[in-house]
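Below: one structure, written as structure tokens.
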Amino acid sequence: MAAFAPNPADDIAVATIRTLAADVVGKANSGHPGAPMGMAPAAHVLFSRFFNTNPKNSKWYNRDRFVLSNGHACALQYVLLHLLGFKLSLDDLKNFRQLDSLTPGHPEAGHTDGIEVTTGPLGQGFANGVGLGIAQAHMAAKYNKEGFDLINNYTYVFTGDGCLMEGVASEAASLAGHLQLGNLIYIYDDNHISIDGDTAVAFTENVEQRFLAYGWQVLHVDNGDSDLHAIYNAIAEARREKHKPTIIRLRTTIGFGSKQQGTHGVHGARKQTMC
């Protein structure tokens, strides 16, 4: 795989994702801008350098799958779908969290073009991702032939502290490690913040050691706020591992760029707290 090649538009793209996420939440005066603003660099690198999809044919069979396990951060996913050219307009973004809109408060499969699974209850999307990985591995084993990979897609999952606190995520992670699902790449938004405050109040386990025990490859990026090169290298390394699922611990600042960045105040913030 080629080395990371910076693009002059990278910084503008990341800033656009952040500001659009803040804007859609601000207009609705409801939602969660913190994680979208923090994870914008990882989202940009993933979708501009790696993600294999076709917005004109969103059900193309061998597409990569994306699951937003921390579904409350759906402003990020909607912005990405709009920018990628899926059937989600700027007016749809302006209708975020409004009745009957295509941009509800959590992603809904079958409702919004490009959404693979419905997420919201923390940990559920984590397990959904493992299910997608199992299905892909089974289909590949059944239909791929030597020298001709009909099925070779990846499943990428964004997940957060709240998801990793849930028992269902632990069970699914254990199974994924046992099955050696090398087609799974999870990016863990390690921002040290939950809706109750710093995660130190309730969640102090060593996540990296936990996933090593499950049989996962564990990588980390210490500056998820701006180190696009490191994010690219981590995803590239994850794709090279064919016999283990990978989790990338991405250290971010929640609500990066807002006046309440790094605090639980921006986890679910209204417009007056973000500017």
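The values are calculated or read from the model by the stated rules, or taken from the named source; none is laboratory data. Keep in mind that what you see is a predicted model, and the values were worked out from it rather than measured. When we count neighbours, we look across all protein chains shown, and the Cβ atoms used for this are built from the backbone with ideal geometry, even at glycine. Areas reflect the complete protein model, heavy atoms only, side chains present, ligands, DNA and RNA absent. Shrake-Rupley method; radii C 1.70, N 1.55, O 1.52, S 1.80 Å.
Phi-derived couplings, Karplus 6.51 cos²θ - 1.76 cosθ + 1.60 at θ = phi - 60°, listed residue by residue for the range 34-47: x, 5, x, 5, x, 9, 4, x, 5, 4, 4, 5, 4, 7 Hz, with x used for Gly and Pro. Residue-wise HN-Hα couplings along the range 106-117, as the Karplus relation 6.51 cos²θ - 1.76 cosθ + 1.60 with θ = phi - 60° gives them from phi, are 9, x, 10, 5, x, 10, 10, 4, x, 8, 7, 9 Hz; Gly and Pro carry x. Whole-Hz Karplus values for the range 66-81 come out as 10, 10, 9, 5, 7, x, 5, 8, 5, 3, 4, 5, 5, 4, 4, 4 Hz, taken residue by residue from phi with 6.51 cos²θ - 1.76 cosθ + 1.60 and θ = phi - 60°; glycine and proline positions read x.
Computed about the Cα centre, the dipole magnitude for the range 46-177 is approximately 380 debye when only Lys and Arg (+1) and Asp and Glu (-1) carry charge, each at its Cβ. Enumerate the amide H contacts of residue 105 below 5 Å, restricted to partners 5 or more residues apart or on another chain; note that Pro and chain-start residues carry no placed amide H. The list, which skips near neighbours in sequence, is 97. Using a cut-off of 12 Å between beta-carbons, work out the net charge of the residues near residue 40 (Lys and Arg +1, Asp and Glu -1, residue 40 not included). So the environment of residue 40 carries a net charge of -3.
Working from Cα pairs under 8 Å separated by at least six residues, relative contact order for the range 1-139 is 23 percent.
Once you've got the Cα coordinates, tell me which of 87/244; 27/244; 56/259; 87/145; 27/242; 94/259 are over 32 Å apart.
From the list (87/244; 27/244; 56/259; 87/145; 27/242; 94/259), the Cα-Cα distance tops 32 Å for 87/244; 27/244; 56/259; 87/145; 27/242.
Accessible area of residue 145 (1.4 Å probe, protein heavy atoms only, ligands and nucleic acids ignored): about 130 Å².
Computed packing ranks the peptides 123-135, 92-104, 160-172 as 123-135, 160-172, 92-104, most packed first, by mean other Cβ atoms within 10 Å. Think of the chain as having a plus end and a minus end, set by charges on the Cβ of Lys, Arg, Asp and Glu; of 263, 187, 221, 187 sits farthest toward the positive end of this dipole. Highest mobility in the GNM of the chain, judged by mean-square fluctuation with C-alpha springs under 10 Å and restricted to 43, 141, 230, is found for 141.
Relative to the Cα centre, the charge distribution of the chain, modelled as +1 at Lys and Arg Cβ and -1 at Asp and Glu Cβ, gives a dipole magnitude of about 560 debye.
Comparing 11, 189, 149 in a Gaussian network model of the chain (Cα springs below 10 Å), the most mobile by mean-square fluctuation is 149.
Computed from label points 7 Å out along Cα-Cβ, the spacing between residue 135 and residue 206 is 3.7 nm.
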